[in-house]
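The values are calculated or read from the model by the stated rules, or taken from the named source; none is laboratory data. None of the values given here were measured: they were computed from a predicted structure. As a convention, Cβ positions derive from the backbone with ideal geometry for all residues, glycine included, and neighbour counts pool all protein chains shown.
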Amino acid sequence: MNVSVSFILPYYRIEGVLLKRCLDSLLALPSDMDYEVILVDDGTPETSVPDWLTEWQIPLCVRYFYQENKGLGGARNTGLSLATKEYVQFIDPDDYLFSERYTSICSLLQEKQPDLLAFDFRKVYDTDRLPDTEGGSSVWFEGSGTAFMLRHNLRAGVWGYLFRRSLCQNLAFPEHVYHEDEAFTPLLYLRMQVVVATDIPLYAYYQRRDSIMNSPKREKLHKRFTDLLGIQLSLSSLVGSLPAGQRQALQRRIDQNYMSMLYKLFTDSPDRAFLRRYMKRMKKQGGYPLPWHGYTGKYILFACVTALPGVPALLWHLLAGRRQ
């Protein structure tokens, strides 16, 4: 079979040099691939993207669309609605692909014909486009999405996967919400009967100091943790309606998210009042103390920590001292 992929780029106020780097990596993909690039501009004020595309002489396989701002999730939803190919891959426009690795990815798609293919990534810190990176080439998991979630901690970032477009009908990202991937990716996995995971490093993940995930601003921290709690409630509301295996897999994901959220509270809370506020909200939702399960050694450790009065505040104090 010929590999057919819709690449979806949700764009908002990213520097031209980064967007061009991303597009160049896509246009360097194998010539025998059947692919399209859907660039969704999410309401960038006085956008320069159309002029850039003309200046860069970008070919017609890159389709540009402008919409009123709906947030990253809304831009991705628009991209999904416009996609026409068999597989979908999301790419953030400040990131890029190691294009040379796509030959191996295409071979895996042809051989395994998965519903979802998970691949590896590398963090990059420079605005230059680096050449192909060293890394693995093996497949380390084959099975259903439910089986994966029961045994492994999936990576929420939706840019880490290729998946069949036909299997995500009526599945959407929440709009104007941080951590929108946490609401989408677990439900995507539960729909997938054939999941293949490889350690091929395909994706270059650019680390920006001013990104949402790295911002120390209090208002952004409040939105991050508030949105995460809302997503947790949304996922929890679905658990009871699922078959037993999927119910267990999604509950495991929810519990792991509470653990991750607690760790981020230890490292990112600007003061004890902030920490107490969100620990109290976690407790109200049943996420604190962490429910006792033997998922992983790390999870057991965090469950023990949350069961001991005063220890979370002590950990925050120690980590706050390291940040200073």
Practice prompt. For Gly245, work out the one condition from (1) closer than 30 Å to Glu134 by Cα; (2) touching a Ser or Thr at 6+ places or on another chain (Cβ under 6 Å); (3) outside any strand (DSSP E or B) it doesn't fulfil.
Written response: (1)
Worksheet item: Just one of the numbered conditions (1) part of a loop (DSSP other than H, G, I, E, B); (2) outside the structural domain of Glu36 (by TED's automatic domain parsing) is not true of Leu221; which one?
Response: (1)
Discussion item. Of all residues being more than 19 Å from the chain's Cα centre (by Cα) and surrounded by fewer than 16 Cβ atoms within 10 Å (Cβ to Cβ) in the stretch 249-280, which is nearest to Ser234 (Cα to Cα)? Just the residue, please.
Written reply: Lys280
Worksheet, complete the sentence: Taking the stretch 220-266 and keeping residues β-branched (Val, Ile, Thr) and under 26 Å from Leu315 (Cα atoms) leaves Thr226, Ile231, Ile254
Discussion item. Tell me yes or no: at least one residue of the stretch 146-165 is touching a residue at least 60 places away in the same chain (Cβ under 8 Å), farther than 26 Å from Asn69 by Cα, in contact with a Ser or Thr (Cβ under 9 Å, 6 or more places away or on another chain) and surrounded by 15 or more Cβ atoms within 10 Å (Cβ to Cβ).
Written reply: yes
Discussion item. When you check Leu154 against the structure, is it at pLDDT 90 or above and assigned to a helix (DSSP H, G or I), yes or no?
Written reply: no
Response to the item:
Pairing a residue in the stretch 107-132 that is over 20 Å from Tyr206 (Cβ atoms) with any residue that is aromatic (Phe, Trp, Tyr) and in a loop (DSSP other than H, G, I, E, B), where Cβ atoms lie under 9 Å and the two sit 6 or more apart in sequence or on different chains, gives none
Worksheet entry | Test result for Ser234, among the hydroxyl-bearing types (Ser, Thr, Tyr), without any contact (Cβ under 8 Å) to a residue 12 or more places away in the chain and either surrounded by fewer than 14 Cβ atoms within 10 Å (Cβ to Cβ) or not in a strand (DSSP E or B) (or both) | no
Worksheet item: Can you pull out the residues in the stretch 66-100 that are part of a strand (DSSP E or B) and either out of contact with any helix residue (DSSP H, G or I) (no Cβ under 8 Å at 6 or more places or on another chain) or not β-branched (Val, Ile, Thr) (or both)?
Response: Tyr66, Gln67, Tyr87, Gln89, Phe90, Tyr96, Leu97
Item to complete: Residue by residue through the stretch 280-290, note down the ones that are among the charged types (D, E, K, R) and either part of a loop (DSSP other than H, G, I, E, B) or under 17 Å from Gly310 (Cβ atoms) (or both).
Response: Lys280, Lys283
Item to complete: Among the numbered conditions (1) under 30 Å from Tyr12 (Cα atoms); (2) aliphatic (A, V, I, L, M); (3) touching a Phe, Trp or Tyr at 6+ places or on another chain (Cβ under 6 Å), tell me where Met149 comes up short.
Response: (1)
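Residues that are outside the structural domain of Leu108 (by TED's automatic domain parsing), in contact with a Phe, Trp or Tyr (Cβ under 8 Å, 6 or more places away or on another chain) and either at pLDDT 95 or above or not in a helix (DSSP H, G or I) (or both): does the stretch 191-200 have at least one?
no
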Discussion item. So the check is Cβ under 6 Å with 6+ separation or different chains; which pairs have a first residue in the stretch 257-279 that's assigned to a helix (DSSP H, G or I) and a second one that's surrounded by fewer than 16 Cβ atoms within 10 Å (Cβ to Cβ) and of a type in the set (A, V, I, L, M)?
Written reply: Phe266/Leu319; Thr267/Leu319
Worksheet item: Within the stretch 128-146, can you find the residues that are touching a strand residue (DSSP E or B) at 6+ places or on another chain (Cβ under 8 Å), outside any strand (DSSP E or B) and modelled with pLDDT of 90 or more?
Response: Ser138, Ser144, Gly145
